[in-house]
Every structure is written in structure tokens, then in C-alpha cells.
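To keep things clear, I will list the structure first and then write my remarks on it.
The values are calculated or read from the model by the stated rules, or taken from the named source; none is laboratory data. Remember, it's a predicted structure, so these values are computed and weren't measured experimentally. So basically every Cβ, Gly included, is an ideal-geometry build from the backbone, and we count neighbours across all protein chains shown. To get the accessible areas, we keep the full protein, side chains included, count just its heavy atoms, and leave off ligands, DNA and RNA. Shrake-Rupley method; radii C 1.70, N 1.55, O 1.52, S 1.80 Å.
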Amino acid sequence: MKNAAQPKLLSTRQEREVASLRDLSARVGSDPLLVQASNGNTSIKLDGILWIKASGKWLAHAMQEEMLVPLELAEVKESIRTGAEIASRYAQKDELRPSIETAMHALLRHRVVIHVHSINAIAWAIRLDGPDQLKERLAGLHWQWIPYAASGIPLAREIEKAVASAPETDVLILGNHGLVVCGHDCRTAEKLLREVERRLAIAPRRFPKPDATVLALIARFSRWRFPVVDSLHALGTDAVSRKILKGGVLYPCQAIFLGQTVPLFPPAVVVSKFTERLSGKDGTPPFVAVERSGVMLNEKITSAERATLIGLVQVTLRTDESARLRYLKGTEVTDALSKGAHGCKEVTEEKANSPARVNELDEECTASADRLFAGAGPT
């Protein structure tokens, strides 16, 4: 299967609808409470063509970069029927490849589909009692809970089974994953997204201030620097966040971009064996957290890693200590890493973090998160 040939001349209506999807994508992608780095995807179905976000692209840049892949909807559905992974059939290096979630978008009957890694939704989606907790919050909406399933065709088929008897479903909470909302057009889909977000909203915990004295010891090593976004320190200073992260991986992007374990050290290690502890076989991590002290960032941390880290700390700050959590199983983590979010990390690093773009993306990522999470600082 090849990318559907884009019509040489789109009708006025088609141009308007595709432009509307780009505009919606840019707005949604610029909200770090909804999207971090290249995750999340949007689509619209027009006259037998599925327009969907390309893998590894940042929704936030939908108005500046080409990122929508047009596919023959009938061919996509045939691939799903035969069990062929859609995205893997795009072999040319420079060709835009459709999102790993293309199957999900194709099987949902709505014209517009928005899939986001909402911080608030994930904070509920990692809880074992999530379905029960959301009954009252989402009352009156056509919603369903989808237990965790691997991205791609496995997830699409779980959704297909769930909505078969409830075709009116237009809100999906994906266990250990995120949120999907649907609509007839971009305006109605976005309106529903904002309503769901309002209902799911959780106030983040306040957390202790960082210990600059201990962190300054790390700063002596040339590759480490203080984070601009203060909330990142919660991974070290907030006891609840530390406890949560010691339990395992909460969702795929955490493992893909940040690793399977959090580099968390006691203060004594910083003084005595910091360099030794960071010289393991896995190389230097993008960040380190020091218990009761805070966080330091590797100077080589990428925009995608930074955005994912900011999202992770916001999830933990919205999760109660008493909540029973569902962590990803070892096989689920292995599967997510083998797929690599369909090359999401590689594409992001090669293109979004090219020399011409890295500083711009870093500044945008940090600035937007700093503005949004300024009120969730230390006590």
C-alpha cells in the first residue's frame, strides 16, 4: 500500500476541512496538558480518504510542517482485516509514515478523531479503580473504558469490540495510555475534548522545594544543569511521586523516551559515587533525580525526552498516594520498546531535533510547560 495520491485540486470543502484539522492539531499539540512531544494524533475522513498525522511529527507544528498522510480508507480497513500492520508497509526513508494508531482512527466511524496523551486522563487511566472513579465524572457522556492493549491493530480491535454494541460512543479512556474523542467535524470534536478535560481535571499536589546545595554538587559535572521548569524537582522532593515511580512503568512513552527505571539516587551517592553510578551499560540518562533534593538534566536531553519528563511528573503529582495502580507488565514494556512507538523516537530525533530545529523546539517546549505549570510549584 502506498500513500493515497493527494488530489491535484481539492474541492473548496475538502481544503477547508483539511485546514480545519491542521488548525485543530496545532492548538491541541501546543497544550502540554494534552500532548507531549510527538505523541498524540488526529484524523479526518473525507470522501474515502483518511487524512492522519504522520508518525514522529509534532502536532504543535501542524501549521508549519507537512504532517498529514492521505490513505485510501478501504485499503486501510483491508489491511486491518488481514492483520497487516499498516505503518510498517511504508519503507521509503523520506516518506511520511502514518501514525501507529491509524487502525484505530480507521475503525472508528466518526469523521474526526482526536487521540491525546492527556495528563489528567492518564492519571485516571493508570488506576485500577479508574472505571469506577470516572462513572460520576463522565456521567451523561457516551464513553467507554478500554483496558490496556498494545498500540496498532491490537488496540484498534479492542476498541472495535467495545463500540460494536454502542456505536454512539465518542469518548474512550485508554488504560495506561490516554484519551480519544470523536466528532462529526473538528469544532464538535474539540468542544467535546475540552468538556472531557474539564471533567477529568485533577489539581496537582504541592511539593517540597529542591535542595540547591546537594544539586550544586551535580552541577560541578559539566554535562548537568538545573531544570528551568521547577515542577521537575518533584520527582526528587515529592515522596509520593518517588514511591509511584519506583513501582514500574506507567505508560509506554515513559519507557520509550525515559527508560524502564528512574535514575533515583540517595544524596550520599551524589557526594561519593555519582560518576561511578552513571557509567553503566545503558549510558548516561537524560536526567537524574536525587531523593529529597530535586532533579538535574543532562545537557544532551532532547526536546522529546524533556517534554515526556514534564508530562510524567505532572501525572505523578495528580495521583493519590492511596490509589492502587496498574503498571505495565514486563512483556508490555518489551513490546512497546520493540515497536518504538512506530519509530516515533527515531523520527523525532532525526528530524524534529535536527540542528536547525533543536533550539527552537527546546525553547517552545520549556516555555509552554513553564507557563502552564507555574502554579504547581514547590511549597
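Using 18 Å as the cut-off for backbone N distance, which residues of region 27-46 belong to the label zone defined by a point 7 Å from the Cα of residue 109 along Cα→Cβ? Inside the label zone: 44-46.
By accessible area, using a 1.4 Å probe on protein heavy atoms only, region 137-199 has 52% of its surface on carbon and sulfur.
Within region 80-180, list the trypsin sites (Lys or Arg not before Pro) lying in a DSSP loop whose Cβ has at most 10 other Cβ atoms in a 10 Å radius. Counting only loop positions with at most 10 other Cβ atoms within 10 Å, the trypsin sites (Lys or Arg not before Pro) in region 80-180 are 93. Note on residue 335 and residue 243: the extension gain reaches 30.6 nm, defined as 0.36 nm multiplied by sequence separation minus the Cα-Cα distance.
Ranking 300, 45 by solvent-accessible area of protein heavy atoms (1.4 Å probe, all protein chains present), from largest to smallest, gives 300, 45. FRET efficiency for the residue 12 to residue 65 pair, using the beta carbon distance and R₀ = 22 Å, is estimated at 0.40. Using a probe of 1.4 Å, the accessible surface attributed to residue 66 totals some 90 Å² when neighbouring protein chains are kept in position. In this simple spin-label model, placing a label point 7 Å from the Cα along the Cα-to-Cβ direction at both residue 206 and residue 325 gives a separation of 2.3 nm. Rolling a 1.4 Å probe over the protein chains gives residue 284 an accessible area of about 60 Å². Summary of the geometry: region 129-170 and region 202-221, compared by the centres of their Cα atoms, lie 38 Å apart. Shown here is the pair-distance distribution of region 147-205: with all Cα-Cα distances grouped in 10 Å bins from zero up to the longest one, the shares run 20, 45, 31, 4 percent.
As a length-normalised measure over Cα pairs under 8 Å and 6 or more apart, the relative contact order of region 127-274 settles at 16 percent.
Cross-linked pairs 45/135; 53/161; 209/246: Cα-Cα separations exceed 26 Å for 45/135.
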